[in-house]
Amino acid sequence: MTLTPQRSKAPGPSAPEPGRPSVPVSGAAAGPKGAGVEPWAMGLAVAVAVAGAALGLNGVLRGWAWYPAALTTVFAVALAMAGLRALRLRGVLVGAGGFVALALVLTFTFFRQHSIAGFIPSGDTMAQLLRYLRRASETVLAESSPVAPNAGIVLLVCGVLGLVVILVDALAVPLALPATSGLGILAILVVPAMVKPQSVGWLGFTGAAAGYLMILASSHWFHPNSRTRADTARNPGQLKRASLTGAMALVLTLLFQLAIPGFDQGIFPQGSRLNPWGSASGLNPMISLGNSLRSPTGDGRITYATNASQAPYLRSVTVDSFDGDAWAPDDRDASRQPGTGRMDPGPSPSVEEQVRVVTAVNTGQFTSPYLPAPYAPESVNGLTGRWSWDPATLSIKGVDTNSRDQQYVVASVAPKLTRAVLAESPDRTQAVPDTFTRVPASVPQIVRQTADTVTAGSRSNYAKAMAIQQYLRSAQFSYSLQSPVQGGYDGNGLSVLADFLAQKSGYCIHFSSAMAVMARLEGIPSRVAVGYAPGRATGSTVTIPGLGALPEYEVDARDAHAWPELYFQGVGWVAFEPTPSRGVVPGYATEPAARSGASTNENNDGLIPEDDLKPTAAPAPAPLPLPAAAGGDGSGSSLVPLLYGGGLLLVLLLLAAPALARGGLRRRRLKASGLSGAAAPAWAELRDLATDFGIPPHSSETPRHFSARLRGSAALGEPGGVDAPAHAAVASLSGDFERQRYGRPGTDSPAGNSLPDSLRGSPADRVELVRDAFRAHASWWTRWRATWLPPSLTARWRRRAWTPLRAVSVPAREAGRGAAESWSRVRDAVRRLRRS
Amino acid sequence: MDYHRRTSVDEALPEPQGLPARAGATEAGVTGAGVTEAAAAGPGTRKQPGAALPAPMEAAAFHSASERILRAINTVIDGKAEAAKLALTVLLAQGHLLLEDVPGVGKTLLAKTLARTIDCSVSRIQFTPDLLPSDVTGVSIYNQASRMFEFRPGAVFANIVIGDEINRASAKTQSALLECMEEHQVTVDGKSYKLDEPFMVVATQNPIEMEGTYPLPEAQRDRFMARISMGYPDRDSEMEMLETHQATSPLTRVTAVVTADEVASMIATVQQVYVSRPIKEYTVALGRATRESAMLRLGASPRSMLQLLRAAKATAALEGRDFVLPDDVVSVAESVLAHRIILDRKAASTGETPQSVIRSILARVPVGQETAPAQARAGSDGGRSAARPSTLPTGR
């Protein structure tokens, strides 16, 4: 940024070349005179900057396998452009060469088999490219970070990095805006800053910063105006200016991040989880789950009222298939059936006693294709739009609508579950679709071993499930939203699962998927349900016809949850709660040995928690904040009043800034004129005073004329009578100023010897006299504006604000002229051609 | 610069040329087209160039002298105080005056009145189409008695030369005035003759659209410091004019109110008026603005800048100040600059006049009061640079 003003200081006759690409001189002028090491240094700097910024993408893409490809691309493109520039080709050709180099290197890296001679793109390459791009788009849409580096997404990343190289190079060299070239680097950094919970990370930040500094250092060779080079070398105030700019930027950064909520940690816009698409939207709720849990504010609030004795889990979708790198809900569009008025929960369970629950849900701003509903919905009424349901999973999905602003009543029915019922369930399951039983192809060894170890002593399915849940809820495991991120296994997938079991720290996705996968390994059909943990009572009630007033609960993004559902023959799908500290453990899923009053659970409803007995399942009104943030929150809450107080002070200060600045200016001027008797400060003050009160001096106006106009206007009152001293003061001030500015130096008599006695005071007194007269004759609005928003000051600020624009407009105009010139030249050439 | 040139000439000709008295010159008015006899004055009234420069006047004396002149003019010409003041300004600034207007508004009367109020030699040249350059400058004729060529001075050998209807003479004759007006000397047959000081040409002309006129060449126009349009008098003044001018011309009642020496002292006073650096900057900015203006084909020359500044100095002195204000520059800028610039054809077709262009430039060029911080520095600079021209005359 510090380079830009210097540029503007020397607009110079030599026009910057961007506007006239077709003028033959410009290409030679832009290139360095002795094209030696300079183009290579600049190329290297650009490559280092882009490659350094790309370091931050680790975490968006898993691992480092993708980095060599990106590195090759970046360096190939940057050095190709540097080579072309070293040949002193024109700027346009260098840019075109960059594109060609990018195409070649991408072909060589990704489509070696499908191209001519291994690096020249062919028709086959295009087909492959489309396939890769489709894969990349699927990855972007369906997977959560860090994504596995498949060829499609790596191709995309390499291509974008190559384009950024060309952009940065174009900004830095032919356009001669090296400081602005940081925009390209910033474009790379924004991706990890937005996607990764721990932001860019020091590696990416350091790499980008180092490369950027290198670009700035190399840029002076390419300055279009050679005079500036000499200037910058000699300029003595540069260090001072640079340190001042740096200090100001640092202070502002530190202050602003205090004022903006969310920027509470990290080195780059961390915590600012910009999510313009609403909460939990997209095709994959699994992706947004971690981010929802980490979101500092609970948005996507859902309220619901139920006649169940405890708040139920709200389930929106299930994840059935554990194959592949990332798990996503199967949309099951093929088997879905339209209409939600009556839903068939499948083969009726053998359990006699059923629990029927009616729940009225208001989704508010929550946006998702899936509808949250308590399990197992029997009918959903009151929906707008067309909805469909899946017989196998009972997930409800909008055909042409989503869950935003829906109010509906769900009638759900579930068998009344007890340990006894589950224990009696036969171990051999029948009539369960293959999707729920298929063991993933490549289960990591650690998962298999853990499952075997944990369930070693159990025989029945129920016992095995209980063993797995008990293992996951044991003290070995800790609930943490941050450690998967730090450990690099945030997200989901089998490899993530392995990492989780090794680290023994994670959040609901990890716990639930671990239990689901281990259950399948042990032969129990399983799936992972995604939805919301039981919420908090809002204290108000909702009246539903026929049921009376029901207590209302609320959940928001922080309550997002995933839990495993296991299938028991004759009972159906049964939910478990392996995640410590989240949700509530159903009564049937509690260890009889661990509890004293097991018999009291016999009468519990299915899925209804036993909160008074399980400390871990205690209804935490708010979900536990992440451990790392807990300390911050505590100190943050005590800082909040301070912060707001400071903010208020800042706002007041900002509002009073014009008045303060004006007052300071006045005091300085009057003090200066009082000390030295100089008339100029007093005169400047008089001019500004008149501007404030609506009589601005024109630049082409002489002091005498201005003074006469001032005295002739109504703002100063009538010349005779009360305001006579003010008139005399204006006259004497202008006289003094004239004498000092235009008179013979040394002979002036500053105090104004021909003044009446009342005006023999200092210039300051006379200015005050004029000011009083102004105030006495001005309207209240003018008076207010003169004090709080002085036009003299705002005009000066406006002028200063326009200065950079003016500096830009000159090259822009020249560029436009150059473009017009070249266009006319082209047109003439075309005409000549046509004539001949 | 202009001053330097004249100084060098003076040094080259240290002795007075010992020309015949002005009386001879007036009689030699070859055309006989009316060389008016001014207040008869002896040869001693002519200022000797080699003599010591007249001392500058006291402020009070200067004021009273200028008041006397203006009052005398105003008794003759009613309602034209501005024109009278400008004429006096040009006189004190050592310039030449061009009075341009339609016939019958008192151009010649103003010129004659100005000449009469000063006790100095006056000659009048009626420019007719058959006037020759030698009629103006003088001619060498063969003296039978002495058997030598001797120079008979022309009509320009006077303190104030009234060139009536100057644009009725051919361009050839008009050009005869070029050297006298700029360098205050006449060169005939390779010999230069110094003119009297103070020397002023007051020329009248009809607008060039009138029949039988030759337009003044640009070079000639540029030598006139100011051009004044008299304009018609207002109603009351015209009534009064009809009243007073019925029987006799009031011109006959005018007597000289100042001597030529007093005028020389007044001129010296004007020369000592201080010009600060901001004023010079402003003047230069005005000149550059005329040259850069899209509406003008020809901007103001550097000489016109010099004359503008001199006129401003005279204005300041007449106001009783010993330093120039931007207001002084502004007040004379239109008269000094308007006749020198040439409008672009496009601007002329849109109804612009030189006066309106000058006015718009004055309204645009910043006076530069804002540079208050630089004021002290600029002031001291200006003092140093301005001290040179003002001390120069005394150093001569």
Buried (at least 23 other Cβ atoms within 10 Å of the Cβ), modelled with pLDDT under 85 and more than 10 Å from every other protein chain (Cβ to nearest Cβ): is that true of A:D757 in this structure?
no
Can you tell me which of (1) in contact with a strand residue (DSSP E or B) (Cβ under 7 Å, 6 or more places away or on another chain); (2) more than 12 Å from chain A (Cβ to nearest Cβ) is the one B:L308 doesn't meet?
(1)
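Each row is one residue, and each column tells you yes or no for (1) at pLDDT 85 or above; (2) more than 18 Å from the chain's Cα centre (by Cα); (3) surrounded by 14 or more Cβ atoms within 10 Å (Cβ to Cβ).
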position: A:V164; (1), (2), (3): yes, yes, yes
position: A:A176; (1), (2), (3): no, yes, yes
position: A:V195; (1), (2), (3): no, no, yes
position: A:F205; (1), (2), (3): yes, no, yes
position: A:Y212; (1), (2), (3): yes, yes, yes
position: A:P224; (1), (2), (3): no, yes, yes
position: A:N235; (1), (2), (3): no, yes, no
position: A:A247; (1), (2), (3): yes, yes, no
Surrounded by fewer than 18 Cβ atoms within 10 Å (Cβ to Cβ), more than 14 Å from every other protein chain (Cβ to nearest Cβ) and modelled with pLDDT under 80, is that true of A:A776?
no
Only unsatisfied item for A:F99, checking (1) outside any loop (DSSP other than H, G, I, E, B); (2) surrounded by fewer than 18 Cβ atoms within 10 Å (Cβ to Cβ); (3) over 32 Å from the mean Cα position of the chain (by Cα), is (3)
What's the total number of residues in segment A:358-395 that are part of a strand (DSSP E or B) and free of Cβ contacts under 8 Å to residues at least 60 places away in the same chain?
11
Residues of segment A:484-505 that turn out to be modelled with pLDDT under 75, in contact with a helix residue (DSSP H, G or I) (Cβ under 7 Å, 6 or more places away or on another chain) and surrounded by fewer than 23 Cβ atoms within 10 Å (Cβ to Cβ), as a count
1
Looking at the structure I just gave you, is A:T72 in a helix (DSSP H, G or I), at pLDDT 90 or above and over 30 Å from A:S824 (Cβ atoms)?
yes
Filtering segment B:165-222 down to residues that are closer than 18 Å to B:L97 by Cβ and part of a strand (DSSP E or B), which residue is farthest from the chain's Cα centre (by Cα)?
B:Q205
Which condition does B:T269 not pass, out of (1) touching a residue at least 24 places away in the same chain (Cβ under 8 Å); (2) in a helix (DSSP H, G or I); (3) surrounded by fewer than 21 Cβ atoms within 10 Å (Cβ to Cβ), if it passes all the others?
(3)
Among the residues in segment A:713-726, are any more than 56 Å from the chain's Cα centre (by Cα) and within 14 Å of chain B (Cβ to nearest Cβ)?
no
Mind checking whether some residue in segment B:146-161 is modelled with pLDDT of 85 or more, surrounded by fewer than 23 Cβ atoms within 10 Å (Cβ to Cβ) and not in a strand (DSSP E or B)?
yes
Conditions (1) crowded, with 17+ Cβ neighbours inside 10 Å; (2) more than 30 Å from B:D322 (Cβ to Cβ); (3) of a type in the set (S, T, Y); (4) out of contact with any strand residue (DSSP E or B) (no Cβ under 7 Å at 6 or more places or on another chain): number failed by B:T204
(4)
Note: among A:V574, A:V555, just one is among the β-branched types (V, I, T), over 21 Å from A:V421 (Cβ atoms) and at pLDDT 80 or above, namely A:V555
For the list (1) within 14 Å of chain A (Cβ to nearest Cβ); (2) modelled with pLDDT under 85, I need the number of the one condition that B:I358 fails.
(2)
When the residues of segment A:408-450 are filtered to those that are of a type in the set (D, E, K, R) and in a helix (DSSP H, G or I), which remaining residue is surrounded by the fewest Cβ atoms within 10 Å (Cβ to Cβ)?
A:D434
Only one residue in A:D400, A:D344, A:D405, A:D390 is exposed (fewer than 14 other Cβ atoms within 10 Å of the Cβ), among the charged types (D, E, K, R) and modelled with pLDDT of 75 or more. Which one?
A:D405
In contact (Cβ under 8 Å) with a residue 12 or more places away in the chain and in contact with a His (Cβ under 8 Å, 6 or more places away or on another chain): which single residue out of A:A151, A:A187, A:A127 fits that description?
A:A127
Could you check how many residues of segment A:78-95 are among the basic types (K, R) and modelled with pLDDT of 90 or more?
0
Is at least one residue of segment B:240-254 under 29 Å from B:S175 (Cα atoms) and part of a helix (DSSP H, G or I)?
no
For segment B:116-145, how many residues are assigned to a strand (DSSP E or B) and either surrounded by 24 or more Cβ atoms within 10 Å (Cβ to Cβ) or not aliphatic (A, V, I, L, M) (or both)?
11
Scan segment A:676-709 for residues that are without any contact (Cβ under 8 Å) to a residue 60 or more places away in the chain and more than 13 Å from chain B (Cβ to nearest Cβ) and report the count.
1
Residue under question is B:G231, and the condition is that it be touching a helix residue (DSSP H, G or I) at 6+ places or on another chain (Cβ under 9 Å) and not in a loop (DSSP other than H, G, I, E, B); does it hold?
no
Just need a number here: residues in segment A:470-483 that are touching a helix residue (DSSP H, G or I) at 6+ places or on another chain (Cβ under 6 Å) and either part of a helix (DSSP H, G or I) or modelled with pLDDT of 85 or more (or both).
2
Looking at B:T244, B:T248, B:T255, B:T259, which is the one that is loosely packed, with under 13 Cβ neighbours inside 10 Å, in contact with an Asp or Glu (Cβ under 9 Å, 6 or more places away or on another chain) and not assigned by TED's automatic domain parsing to the domain that holds B:I358?
B:T255
Tell me which residues, restricted to segment B:272-284, are crowded, with 22+ Cβ neighbours inside 10 Å and part of a loop (DSSP other than H, G, I, E, B).
B:V273, B:V275, B:S276
Verdict on A:P641 being in contact with a strand residue (DSSP E or B) (Cβ under 9 Å, 6 or more places away or on another chain) and either more than 14 Å from every other protein chain (Cβ to nearest Cβ) or modelled with pLDDT under 50 (or both)
no
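The values are calculated or read from the model by the stated rules, or taken from the named source; none is laboratory data. These figures come from a predicted structure and were not determined experimentally. No Cβ is skipped: glycine too gets one built from the backbone with ideal geometry, and neighbour counts run over all protein chains shown.
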